[in-house]
1. If the requirement is being in contact with a helix residue (DSSP H, G or I) (Cβ under 9 Å, 6 or more places away or on another chain), closer than 30 Å to GLY30 by Cα and acidic (Asp, Glu), which of these qualifies: ASP107, ASP82?
2. Please go through the range 218-268 and pick out each residue that is within 22 Å of the chain's Cα centre (by Cα), of a type outside the set (Ser, Thr, Tyr) and in a loop (DSSP other than H, G, I, E, B).
3. Mind checking which residues of the range 139-155 are in a helix (DSSP H, G or I) and crowded, with 24+ Cβ neighbours inside 10 Å?
4. Among the residues that make up the range 156-172, is at least one of them of a type in the set (A, V, I, L, M) and touching a strand residue (DSSP E or B) at 6+ places or on another chain (Cβ under 6 Å)?
5. Restricting the search to the range 110-138, which residues are in a loop (DSSP other than H, G, I, E, B) and within 26 Å of VAL232 (Cβ to Cβ)?
6. Residue check, GLY278 against (1) modelled with pLDDT of 95 or more; (2) of a type outside the set (Ser, Thr, Tyr); (3) surrounded by fewer than 19 Cβ atoms within 10 Å (Cβ to Cβ), all met but one. Which one?
7. Just to be sure I understand the filter: pairs with C-beta atoms under 7 Å, separated by 6 or more residues or on different chains, first member in the range 61-89 and outside any helix (DSSP H, G or I), second member exposed (fewer than 14 other Cβ atoms within 10 Å of the Cβ). Which pairs pass?
8. If you go through the range 173-192, how many residues are surrounded by fewer than 22 Cβ atoms within 10 Å (Cβ to Cβ) and not acidic (Asp, Glu)?
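The values are calculated or read from the model by the stated rules, or taken from the named source; none is laboratory data. Everything quoted here is computed from the prediction, not taken from an experiment. Don't worry about glycine lacking a Cβ; one is built from the backbone with ideal geometry, like all the others, and counts go over all protein chains shown.
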Amino acid sequence: MRDLTAALLLAAALAAPARAQTAVCDALAGSQRTLALKLLESEHPYDCCDDTIARCLAARPTCALAVRLADGICRRVAAGQDEARIRRSLSRRARSMLGGGSPAAVDLASASIAGAEGAPVTVVVYACARCPYCSKLVPALHREVVSGRLRGLARLAFRTFPIRGHPGSTEAGLAFAAAAAMGRFWEFALLSYREFDDDSPERRRQRAGAVGLDPDAFTARIADPATREALVASKKEGLANGVEETPTLFLNGRRWTGDLELGEVADAIEEEAERARGHRWTGR
């Protein structure tokens, strides 16, 4: 009898009008729609509303986080992710956004920062100059905060964190630190990541010239003990904040332990901006 009741409730939910859904979820059909409804009716937002995501969507005013999480669930379902993976992703996101403990201590005065100065969210990224995934995620985040969906919402602060397992990480990290000291960090770092597979001391000199630095002065700055001290300080800071791998992100001081896919990170940053600005509800 209980199984029959559950089946009838699910059938009713599938036939229900779109008011308890979002446009992303309404686009699903068949088994994908069934899975999405199951998740929406069993998962809860970690803020803003105490009921299931499905019931929170139907409430007025509507919890903005419920809409955001529902869209994320339905996008994952549409991409073919299974139930267990989606639930794990939701759990990691909740832990990241709820935080706990003291925020990370970051010397922003020594960081290289891109984006609007008055943005409500500060994203700190600890990244290795020779980290393959960093070479994809960092430029993408930079593009979003400078001219994309995160413009005005977030600023991106870079802290160099050499990883011993990445060959040439210290030498490349020193080049990043030298470019920062000479006022051309982002130009140099983005070019370095764009040409990630072509790295050598001579190529770094050429890149320095390409971004407007004097190559000889750049080489001298790399050899300057102060440059190594700056790199060591950045690495020690990361270690003190629990960084062990790259890229590692902090959103307004809270460590991000969710998925590192750009869309998920950007969505979480938008959520943090809504929270910082007090925009918890939507009238949809």
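1. Values: ASP107 fails: closer than 30 Å to GLY30 by Cα.
On inspection, the qualifying residue turns out to be ASP82.
2. Answer for the range 218-268, where residues must be within 22 Å of the chain's Cα centre (by Cα), of a type outside the set (Ser, Thr, Tyr) and in a loop (DSSP other than H, G, I, E, B): ASN241, GLY242, VAL243, GLU244, GLU245, PRO247, ASN252, GLY253, GLY258, ASP259, LEU260, GLU261.
3. First, pick out the residues of the range 139-155 that are in a helix (DSSP H, G or I): 139-147.
Across the range 139-155, the qualifying residues are LEU141, VAL145.
4. Yes, the range 156-172 contains a residue that is of a type in the set (A, V, I, L, M) and touching a strand residue (DSSP E or B) at 6+ places or on another chain (Cβ under 6 Å).
5. Hits for the range 110-138 are ALA111, CYS128, ALA129, ARG130, CYS131, PRO132, TYR133.
6. All conditions are met except number (1).
7. Matching pairs, first to second residue: PRO61/GLY283; THR62/ARG284.
8. Of the range 173-192, the ones surrounded by fewer than 22 Cβ atoms within 10 Å (Cβ to Cβ) are 181-187, 190-191.
If we keep only those that are not acidic (Asp, Glu) as well, we get 181-186, 190-191.
Residues in the range 173-192 being surrounded by fewer than 22 Cβ atoms within 10 Å (Cβ to Cβ) and not acidic (Asp, Glu): 8 in total.
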